[in-house]
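No value in this document is a laboratory result; all are computed from the given coordinates. All of these numbers come straight from a predicted model, not from anything done at the bench. Here the Cβ positions follow ideal geometry from the backbone for every residue, glycine too, while neighbour counts run over all protein chains shown.
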Amino acid sequence: MQTTAVQSVVPITSPSSLTGSAAVSSDFNPLGPMVMCSFLPRDFLECKDPIDHDNNNTARAVKGYGCLRFGGSTYEEVEHTEVLCTVFSDIDCYGPRTFLRDGVPCVRYTDHYFVTTLIYSILLGFLGMDRFCLGQTGTAVGKLLTLGGVGVWWVIDVILLITNNLLPEDGSNWNPYI
């Protein structure tokens, strides 16, 4: 018995607003070798950082995407948005090469590492080194002058770090990369 593969052809129209060229209508063969550009993994794309609207709902409504706030400890707390991505020039794909990719988390990473800060807190916490590292200079000076609140403030800061209640002052998340 012979079976034949059914090839479907889907008409695709590329939007001129994102590609900068006139809208071109052509047939896309999903069984062919070309992959839709929007299906490519992030390794083949250059994506811009999420736009920070700083709690401005009007600016977000005008733009259509962006972050009202950054940060969060759990998945439910983190806002997600779209970012503008462009396919690298050496990659062949089908469709518009510039598009919006959805599901990008609104998080910002700076040079704050949890393990480093925890080690500072345990070893040099009585001198306020952990607070200096987090950018909390005022409380760090107070902790330095009182030698960690005679040890009490030192222990409390270690507990606050472990329970994720002591975070960087700039609102960024802990950097997951070492």
> Simple spin-label model, 7 Å along Cα-to-Cβ: residue 147 to residue 69 in nm?
Replying inline: 4.1 nm
> Stretch residue 91-residue 109 to full length: gain in nm at 0.36 nm per residue minus the Cα-Cα span?
Replying inline: 3.6 nm
> Which value results when the Cα radius of gyration for segment 114-162 is divided by 2.2 N^0.38 Å?
Replying inline: 0.94
> Relative contact order, percent, of segment 114-162 when contacts are C-alpha pairs under 8 Å separated by at least 6 residues?
Replying inline: 39 percent
> So for 172, 89, fewest C-beta neighbours within 10 Å to most, what's the order?
Replying inline: 89, 172
> Restricting attention to segment 23-97, which chymotrypsin sites (Phe, Trp or Tyr not before Pro) occupy a DSSP loop and are surrounded by at most 12 other Cβ atoms within 10 Å?
Replying inline: 75, 88
